[in-house]
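Q: Would you mind keeping the following structure in view while I ask a few things?
The values are calculated or read from the model by the stated rules, or taken from the named source; none is laboratory data. Quantities reported herein were computed from a predicted structural model and do not represent experimental measurements. Methodologically, a virtual Cβ is constructed for each residue, glycine included, from the backbone with ideal geometry; neighbour enumeration extends over all protein chains shown. Accessible surface areas use protein heavy atoms only, side chains included; no ligands, DNA or RNA. Shrake-Rupley method; radii C 1.70, N 1.55, O 1.52, S 1.80 Å.
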Amino acid sequence: MSRIGKLPINIPEGVQIKVSDKNLVTVKGKLGELQQAVDPAISVKVKDKTIFVERHTEQKNHQALHGLYRSLIANMVTGVSEGYKKTLELVGVGYKVSNKEQVLELSLGYSHNIFFELPTEIKVETITERGKSPTIILQCIDKQLIGQVAAKIRSLRKPEPYKGKGIRYKDEEVRKKAGKTASA
């Protein structure tokens, strides 16, 4: 039995769950609506204010899918009720960020600025304060989408191990290496 798959999902107040005949789970809440198609080997049942995810066989791939779909549905419930937030910091001299609606303009020490267009589902905010690193705040109801976009932005200039310059998640610790030492 999957340790994650067998856990029930509690439905918070104001969230509605609908499971169609074709195993399409629709979750609707105050922040929006998400859908997820579920494999036919997995069944989703809603009883009272709880969601149960069950599998029909003990095959290895069905065991894996059991935990996967339980996690995906739990993330959807959290997303439509609370939402997800990712914060990125730009560490480095001269690194800047600004946004015009859904387009980020990043100045990361390259010969040109980078224009990064965000999906419409993501809300973006940029903060530039004197004496502090520029910050990008992303908000979305879809955990997978916000994680993928944040990783893509971070990949534009990953933190380097000697000085720690680059784009990093807030509170991410960058392991620094020792530089060259003079030989006598």
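Q: Examine segment 149-168 for a residue that is closer than 30 Å to residue 32 by Cα and assigned to a strand (DSSP E or B), and state whether such a residue exists.
A: Yes, segment 149-168 contains at least one residue that is closer than 30 Å to residue 32 by Cα and assigned to a strand (DSSP E or B).
Q: Search segment 96-127 for residues being assigned to a strand (DSSP E or B) and open to solvent by less than 40 Å² (accessible area, probe 1.4 Å), and hand back the single one that is nearest to residue 141 (Cα to Cα).
A: Only one residue fits best here, namely 124.
Q: Shifting gears a bit: Could you list, ordered by first residue, the pairs with Cβ atoms under 6 Å in which the first is in segment 138-150 and buried (at least 20 other Cβ atoms within 10 Å of the Cβ) and the second is in a helix (DSSP H, G or I) and not small (Gly, Ala, Ser), at least 6 apart or interchain?
A: Short answer, once both residue conditions are applied: 138/146; 140/146; 141/80.
Q: Condition first: in contact (Cβ under 8 Å) with a residue 40 or more places away in the chain, open to solvent by less than 100 Å² (accessible area, probe 1.4 Å) and part of a loop (DSSP other than H, G, I, E, B). Now tell me which residues in segment 4-63 satisfy that.
A: 4, 5, 7, 8, 11, 12, 14, 15, 29, 31, 32 - these are the residues of segment 4-63 that are in contact (Cβ under 8 Å) with a residue 40 or more places away in the chain, open to solvent by less than 100 Å² (accessible area, probe 1.4 Å) and part of a loop (DSSP other than H, G, I, E, B).
Q: Taking the criterion of being surrounded by fewer than 16 Cβ atoms within 10 Å (Cβ to Cβ), touching a Ser or Thr at 6+ places or on another chain (Cβ under 9 Å) and either charged (D, E, K, R) or closer than 27 Å to residue 172 by Cα (or both), would at least one residue in segment 66-78 satisfy it?
A: Within segment 66-78, none of the residues are surrounded by fewer than 16 Cβ atoms within 10 Å (Cβ to Cβ), touching a Ser or Thr at 6+ places or on another chain (Cβ under 9 Å) and either charged (D, E, K, R) or closer than 27 Å to residue 172 by Cα (or both).
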